[in-house]
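Asks: Here's a structure for you.
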Amino acid sequence: MRTDIVTDIVIVGGGAIGLAAAWRLALAGVGVIVVDGRSASPRATKAAAGMLAPSFERAERHAVAASSPALADLSLASLRMWAGFAPELEAASGQSIDFRDDGILGVATTDAEADALTRQAELMAAAGVGAELLDGRAARALEPLLAEGVIAGLLAREEAQVDPVLLVEALETAVRRAGVQIVHAIASVFENGPDGSGVRMRLASGGAISADRAIVSTGAGAFARRLSGNASIVTPVKGEALAFAPGAAVPRRVIRGRNAYICPRQDGRVVIGATERPGDASLETDDERVDGLRAAATRIVPAFERANESSRWAGLRPVAPDGAPIIGPAAGDPRVIYAIGHYRNGILLAPATAEIIRACATANSPEWPKPFLPDRFATPARKLALPSAPSSAAR
Ligand code: GLY
């Protein structure tokens, strides 16, 4: 019989949220093991475009989440944390994450889109965030690749982007350097800890990890569905995207149109995203939809007509019923902490979520931010993440 690995906190899910939390906890002296089900690619994180764009995303969000002042505040706070988080991570890992803080340029090709940019600028001004409305000519002066059909622009100076694939690689290096062990295995079930306290997580491949607490930071894929409790109320919203190979025209900064966004990468690729398919858990791409994205991007940047594509892919955004993330302990059981359901903003919200987890998981009387607590939902979210009592044979 194998003996359990014992640690302070076991984190299930090695995407941006789980790894960022692991890093912050480890730096605070907490023993952490991360269990990640896929050695190759956490599907939400690595499929993401990496925009740090709270104001543009607010316009896109789930209707309930869009009206949540708490989420708007968390998003802006996390954007501002990125200015310190990115260089600290690059220094700790010795790896670039292609962090660019030169703003995001929204563009409009119709009067209705221009009106939407004006409303967005007003919201940003009310929140004390720098926003600059531009006419078509001024937008083209900022970004010469823009089409003549662009009639207005909005430069969100504070907004930024990062490369999510490089981010995960850098976080993996940083957490390992901070003493965190990453175990690539499937977590099959949580049980009560061996001495009646804490949690024990069995791995499908055999063996188990015992910890004082577990943090669930899974996405919306099959791995999450193996877990019970809150993870099961997070559902997938599939997003498809494509990338142009190096050699295509490369814009100076991220461009957001109504039907496509355009993200330049330091390796010369340009990522174009993304579709939105609620409830679709498949990872296949649909040619018609992805061709539609390409056409939408080409209406904004005509030079993409000649661009060669290097890849198409799909990822699953994990969304809770109200579109806001679930952060905090399971109702009635402080042993299980959730950090799930970050929907379109997992990369943006990683520093703030990690900071909440670090602060609350190391405090004697933690004050979790109420708007994101799991108990805002009715059943089954109120249920503990531990399944029904395990049989002794299973131990
Ligand atoms: N945050 C962009 C997206 O989810 O497509």
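The values are calculated or read from the model by the stated rules, or taken from the named source; none is laboratory data. All of these numbers come straight from a predicted model, not from anything done at the bench. All Cβ positions, even for glycine, are placed from backbone atoms using ideal geometry, and neighbour counts span all protein chains on display. The area values use the complete protein model at the heavy-atom level, side chains included, leaving out ligands, DNA and RNA. Shrake-Rupley method; radii C 1.70, N 1.55, O 1.52, S 1.80 Å.
Asks: Under the rule of at least 5 residues apart or a separate chain, name every residue whose amide H is placed under 5 Å from the amide H of Gly31.
Replies: Correct list: Asp8, Ile9.
Asks: Note down the accessible area of Glu90, probe 1.4 Å, to the nearest 10 Å².
Replies: 60
Asks: Calculate the spin-label point distance for Asp267 paired with Asp195, positioning each point 7 Å from the Cα along the beta-carbon direction, and give it in nanometres.
Replies: The answer from the label model is 4.7 nm.
Asks: Further question on the same structure: Keeping the other protein chains in place, figure out the carbon and sulfur percent of the accessible area of the stretch 110-225, with a 1.4 Å probe.
Replies: Reported share for carbon and sulfur atoms: 51 percent.
Asks: Relative contact order for the stretch 166-321: what percent, with Cα pairs under 8 Å and sequence separation of 6 or more?
Replies: With pairs under 8 Å counted, the relative contact order is 23 percent.
Asks: Determine the gain in length on full extension of the stretch Ala77-Asp286; use 0.36 nm per residue of separation and subtract their C-alpha separation, reporting nm with one decimal.
Replies: 71.7 nm is the gain from fully extending Ala77 to Asp286.
Asks: Right, another one. So what are the ³J(HN,Hα) numbers for the stretch 201-217, from phi and the Karplus equation (6.51, -1.76, 1.60; θ = phi - 60°), rounded to whole Hz, Gly and Pro as x?
Replies: Running phi through 6.51 cos²θ - 1.76 cosθ + 1.60 with θ = phi - 60° gives 10, 7, 9, 4, 7, x, x, 7, 10, 9, 8, 5, 9, 10, 10, 9, 10 Hz.
Asks: Label Thr173 and Ala363 with points 7 Å out from Cα along Cα→Cβ: what is the distance between them in nm?
Replies: 3.4
Asks: Rounded to the nearest 20 Debye, what is the dipole magnitude of the stretch 81-162 about its Cα centre when Lys and Arg each give +1 and Asp and Glu each give -1 at the C-beta?
Replies: 80
Asks: Can you list which of the DSSP-assigned H helices in the chain have a Cα extent of 15 Å or more along the long axis and an average Kyte-Doolittle score of at least 1.0?
Replies: Span-like helices in the chain: 16-27, 346-361.
Asks: Let me ask something additional. With runs of 4+ DSSP H residues as the only contributors, calculate the mean residue ellipticity of the chain at 222 nm using -39,500 (n - 2.57) per run, divided by the residue total and rounded to the nearest 500.
Replies: Mean residue ellipticity, 222 nm, calculated: -9500 deg cm²/dmol.
Asks: Next question, about the same structure. I need the peptides 290-297, 6-13, 239-246, 257-264 ranked by packing, meaning the mean over residues of other C-beta atoms within 10 angstrom, with the highest value on top.
Replies: 6-13, 257-264, 239-246, 290-297
Asks: Averaged per residue, what accessible surface does the stretch 262-385 expose to a 1.4 Å probe, in Å²?
Replies: 41
Asks: Given a 10 angstrom Cα cut-off, can you work out which residue in Pro321, Pro374, Pro164 is the most mobile in a GNM of the chain?
Replies: Pro321
Asks: Same structure again: So how strong a dipole does the chain carry about its Cα centre when Lys and Arg Cβ are +1 and Asp and Glu Cβ are -1, to the nearest 20 debye?
Replies: Computed charge dipole of the chain: roughly 860 debye.
Asks: Place a +1 charge on the Cβ of each Lys and Arg in the stretch 1-118 and a -1 charge on the Cβ of each Asp and Glu, then give the dipole magnitude about the Cα centre in debye, rounded to the nearest 20.
Replies: So the magnitude is around 480 debye.
Asks: Could you give each residue of the stretch 321-331 its phi-based ³J(HN,Hα) in whole Hz, using Karplus coefficients 6.51, -1.76, 1.60 with θ = phi - 60°, and x for Gly or Pro?
Replies: x, 9, x, 9, x, 10, 9, x, x, 4, 4
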